[in-house]
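Chemist: Please see the structure below; I have some questions.
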Amino acid sequence: MNSNVIFEGGMSSQDCDYIIKESEKLLDIKESVVGETDSELISTTRKSKAGFIESYNPKHRELWDVISNRLWSYVNAANRTNFAFDVSFLDSVQYTIYEDGGDHYDWHMDTFINTPNAYTRKLSLTLQLSDGSEYEGGNFELNDGTGQGLPYDALRKKGSVLIFPSFLMHRVTPVTSGIRKTIVAWFEGRQFK
């Protein structure tokens, strides 16, 4: 089993541009928070802007349909060959903007250890919407315990999709110039046993 799966060029450039355009038109994009609820404070752990594409929001329906169906196909393929996790739910999708001046997200994991929810995040997905030539810094790093690192060239390609277990530590290094835009999604299932 690999600790991650990359679908290089998983989404077309046109699809990425459509997602950016519609997200910036429809979403309430604001400073990102850290934690499971919106009541959490912004911390030094994270500096970025984000908005959520929600399955239950009628204004997001068309965008949700375009994104969620495609993302599920990648998660199902990766899960079948690598993880075999029980995943059955996708609540919302995060559109994230990292701007120059040091926007980043320090080491963290996407799973909440003490969640009261019956379901927990099991697989995380990042879709690269920007081309890597549009920004400097902003590298996605994954700590899977092997010390091998990720192929940055593949991850920085517009349309690339990365899937990994939500309990692995990862980060986005500071963006030093330009703007990095991504989609992040968390696929949930019943608590691990």
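The values are calculated or read from the model by the stated rules, or taken from the named source; none is laboratory data. Computed from a predicted model, the values in this text were never measured in an experiment. Here the Cβ is made from the backbone with ideal geometry for all residues, glycine too, and neighbour counts use every protein chain on show. These area figures cover heavy atoms from the full protein model, side chains too; ligands, DNA and RNA do not enter into them. Shrake-Rupley method; radii C 1.70, N 1.55, O 1.52, S 1.80 Å.
Chemist: Return a yes/no flag: does segment 70-86 have any residue that is aliphatic (A, V, I, L, M), open to solvent by 10 Å² or more (accessible area, probe 1.4 Å) and not in a strand (DSSP E or B). Give the steps one after another, and end with the answer.
Modeler: Here is the first cut: in segment 70-86, the residues aliphatic (A, V, I, L, M) are 71, 75, 77-78, 84.
Filter once more, keeping what is open to solvent by 10 Å² or more (accessible area, probe 1.4 Å): 77, 84.
Remaining after also requiring not in a strand (DSSP E or B): 77, 84.
Yes, segment 70-86 contains a residue that is aliphatic (A, V, I, L, M), open to solvent by 10 Å² or more (accessible area, probe 1.4 Å) and not in a strand (DSSP E or B).
Chemist: Could you check how many residues of segment 140-167 are over 21 Å from Ser130 (Cβ atoms), in a loop (DSSP other than H, G, I, E, B) and out of contact with any strand residue (DSSP E or B) (no Cβ under 6 Å at 6 or more places or on another chain)?
Modeler: Filtering segment 140-167 down to residues over 21 Å from Ser130 (Cβ atoms) leaves 143-148, 165-167.
So of that shortlist, the ones also in a loop (DSSP other than H, G, I, E, B) come out as 144-148, 166-167.
When the remaining residues are screened for being out of contact with any strand residue (DSSP E or B) (no Cβ under 6 Å at 6 or more places or on another chain), the result is 144-148, 167.
Matching residues across segment 140-167 total 6.
Chemist: Please find, among Arg190, Arg171, Arg180, the residue that is surrounded by fewer than 20 Cβ atoms within 10 Å (Cβ to Cβ), closer than 28 Å to Glu24 by Cα, in contact (Cβ under 8 Å) with a residue 12 or more places away in the chain and basic (Lys, Arg). If you could, list the steps in order and put the result at the bottom.
Modeler: On the way: Arg190 fails: closer than 28 Å to Glu24 by Cα; Arg180 fails: surrounded by fewer than 20 Cβ atoms within 10 Å (Cβ to Cβ).
The conditions single out Arg171.
Chemist: Which numbered condition trips up Asn2, out of (1) of a type in the set (S, T, N, Q); (2) part of a helix (DSSP H, G or I); (3) more than 14 Å from the chain's Cα centre (by Cα); (4) under 24 Å from Thr111 (Cα atoms)?
Modeler: That leaves (2) as the condition not met.
Chemist: I've got another one for you. Taking segment 124-139 only, how many residues are assigned to a strand (DSSP E or B) and over 19 Å from Met11 (Cα atoms)?
Modeler: Residues flagged as assigned to a strand (DSSP E or B) and over 19 Å from Met11 (Cα atoms) within segment 124-139 amount to 3.
Chemist: Only one of these conditions is not met by Tyr98: (1) part of a strand (DSSP E or B); (2) surrounded by fewer than 21 Cβ atoms within 10 Å (Cβ to Cβ). Which number is it?
Modeler: In the conditions (1) part of a strand (DSSP E or B); (2) surrounded by fewer than 21 Cβ atoms within 10 Å (Cβ to Cβ), Tyr98 misses (2) alone.
Chemist: Does Asp86 satisfy the criteria of being of a type in the set (Asp, Glu) and without any contact (Cβ under 8 Å) to a residue 24 or more places away in the chain?
Modeler: Working: of a type in the set (Asp, Glu): yes; without any contact (Cβ under 8 Å) to a residue 24 or more places away in the chain: no.
No, not satisfied.
Chemist: Pick from segment 105-140 the residues that are under 17 Å from the mean Cα position of the chain (by Cα) and among the polar types (S, T, N, Q): which of them is most open to solvent (accessible area, probe 1.4 Å)?
Modeler: That would be Asn139.
Chemist: Looking at segment 74-115 only, could you name the residues that are of a type in the set (A, V, I, L, M, F, W, C) and touching a Leu at 6+ places or on another chain (Cβ under 8 Å)? Quick ask: steps written out before the conclusion?
Modeler: First, pick out the residues of segment 74-115 that are of a type in the set (A, V, I, L, M, F, W, C): 75, 77-78, 83-85, 87, 89-90, 93, 97, 107, 109, 112-113.
Answer for segment 74-115, where residues must be of a type in the set (A, V, I, L, M, F, W, C) and touching a Leu at 6+ places or on another chain (Cβ under 8 Å): Val75, Ala78, Phe83, Phe85, Val87, Leu90, Val93, Met109.
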